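Participant: My questions will all concern the structure given below.
The values are calculated or read from the model by the stated rules, or taken from the named source; none is laboratory data. In this text the structure is predicted, and so the values were computed from the model without any measurement. Note that we place each Cβ from the backbone using ideal geometry, even for glycine, and neighbour counts take in every protein chain shown. Just so you know, the surface numbers come from the protein's heavy atoms only, side chains and all, with ligands and any DNA or RNA stripped out. Shrake-Rupley method; radii C 1.70, N 1.55, O 1.52, S 1.80 Å.
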Amino acid sequence: MLLVLITTTVYPKGLIDFDRLSGKDLLIAEREGAANCMTVLKLKNNYTFIQRDVCFGINEIKGTYEIQGDTILFKDVKTGRMSDHYYSYAIVKQTASSLNKKYPGELILYKSKSDHPDRALAITKNELNTLF
């Protein structure tokens, strides 16, 4: 019993970090909604992405992406059990002020080319050198 308590105290997220095994994070964007619901989108260095929505359950969406200028195109999307669609592309928008170092920009998600912006996520980490 003592071993279990020590292990959960030292490794609260588990012994194996599966997120790190899937590749290095190049871009992380997140948004907190009502009732502490959280959306986190991570673009990995192997051209895959993972979006986790945590709100009264966990929904995970995976797929691949392609970068064209300041646009990220989502492809081969496998939606989770709580959703049946996903965005077709996203645009990276830098913030006008360099004072806000915590959120250097926004990731604006679109369902189609004729769609208005549906959701904006705050970028917390950006190591995509091809965009800027």
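Participant: Residues in the range 50-75 that are in contact (Cβ under 8 Å) with a residue 24 or more places away in the chain and open to solvent by 40 Å² or more (accessible area, probe 1.4 Å): how many?
Facilitator: 3
Participant: Give the range 16-51 a look and list any residue that's farther than 15 Å from Ala120 by Cα, within 8 Å of the chain's Cα centre (by Cα) and of a type outside the set (Phe, Trp, Tyr), or say none.
Facilitator: Correct list: Leu43, Ile50.
Participant: Among the listed residues Arg20, Arg81, Arg31, which satisfies the condition of being open to solvent by 50 Å² or more (accessible area, probe 1.4 Å) and touching a residue at least 40 places away in the same chain (Cβ under 8 Å)?
Facilitator: Arg31
Participant: Is it true that Lys113 is among the basic types (Lys, Arg) and at pLDDT 90 or above? It would help to see each step written out before you state the result.
Facilitator: Numbers: among the basic types (Lys, Arg): yes; at pLDDT 90 or above: no.
Considered against the rule, which asks whether it is among the basic types (Lys, Arg) and at pLDDT 90 or above, Lys113 comes out as no.
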